[in-house]
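**Q** Below is a structure I'd like to ask you about.
The numbers here are math on the coordinates, done by the rules we state, and not lab data. Computed from a prediction, not measured in an experiment: that's the story for all the values here. Cβ atoms come from the backbone with ideal geometry, glycine included; neighbour counts cover every protein chain shown.
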Amino acid sequence: MQLFYEIFPVLLFFIAFKYYDIYVATVVGIVTTLLQVILNRALFKKWDKKQLITLFVFSLFGGMTLYFHDPIFVKWKPTIVFWVFSAVILGSQLFTRRPLMQRLMENVLQGKGEVPMPVWKKLNIVWAVFFASLGTINLYVAYYFSNDAWVNFKFYGITSALFILSIFQALYLMRFMTESKSEK
């Protein structure tokens, strides 16, 4: 369910593009992302930093697309967001006690295993490189392919890549899952 919630604005952007054009899709994407931020705040009483970054970048670059009537700006949005995520992930490894991926995934593990610090650092690097690479690939597709091809890449390619890396990460972390001491 969380995955659907995360890709919902991308899905609506994709549908709006297919039925209308990139400008209508841009408005739909900005509005949907704004509604997602508001809904998250109303339901969970907190701000999701990832959503706020996405909303800010989408509003800025989507707004430039609408103002200048040039789709290249909205095509830069995923790249900027991915590069910011990459920098934050790397920064967490360099400047904090625990890498960001460890902080995010420990809630999922809920004490069912002990993952060594070198594993968390390796996963952190993998995600940082993944986001940096995905941002670069997005720019390549944005500049060398049609709007239609870029929207398809954004929806199918990026979503699939995120899903596949998440599956590999889950399989990798399963090696460290054990029965908790209270269950023995």
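**Q** Select from F131, M101, A161 the residue farthest towards the positive end of the dipole of the chain; place +1 on Cβ of Lys and Arg, -1 on Cβ of Asp and Glu, and compute about the Cα centre.
**A** M101
**Q** Take each uninterrupted DSSP H stretch in the chain, measure its Cα extent along the helix axis, and return the ones at 15 Å or beyond whose mean Kyte-Doolittle hydropathy is at least 1.0. Working shown, then result.
**A** Values: long enough: 2-19 (26 Å, 1.41); 22-44 (32 Å, 1.77); 49-68 (28 Å, 1.07); 72-95 (34 Å, 1.40); 117-144 (40 Å, 0.93); 159-174 (23 Å, 1.76).
Helices passing the filter in the chain: 2-19, 22-44, 49-68, 72-95, 159-174.
**Q** Here's a follow-up. Counting each pair of different Cα atoms once, what's the Kirkwood radius of the chain in Å, rounded to one decimal?
**A** Computed over the chain, the radius equals 17.8 Å.
**Q** So if I take the centroid of the Cα atoms in segment 112-135 and the same for segment 25-57, what is the distance between those two points in Å?
**A** Using only Cα atoms to place each centre, the spacing works out to 25 Å.
**Q** Hand me the trypsin sites (Lys or Arg not before Pro) from segment 106-177 located in a DSSP loop with no more than 11 other Cβ atoms within 10 Å, in residue order please.
**A** Answer by residue number: R175.
**Q** Ok, one more. Counting only C-alpha contacts under 8 Å and six or more residues apart, can you give the relative contact order of the chain as a whole percent? Intermediate results must be reported in sequence, preceding the final value.
**A** On the way: 166 pairs, mean separation 37.4, N = 184.
Taking the mean separation of contacting Cα pairs over the length of the chain, I get 20 percent.
**Q** In the structure shown, do any of K50/K154; K49/K122; K45/K154; K50/K77; K50/K75; K49/K77 have a Cα-Cα gap over 25 Å, and if so which?
**A** K45/K154
**Q** Is it possible to state the helix-based mean residue ellipticity at 222 nm for the chain, with each DSSP H run of 4+ residues giving -39500 (n - 2.57), the sum divided by total residues, to the nearest 500 deg cm²/dmol? What is it?
**A** Value at 222 nm, helices only: -26500 deg cm²/dmol.
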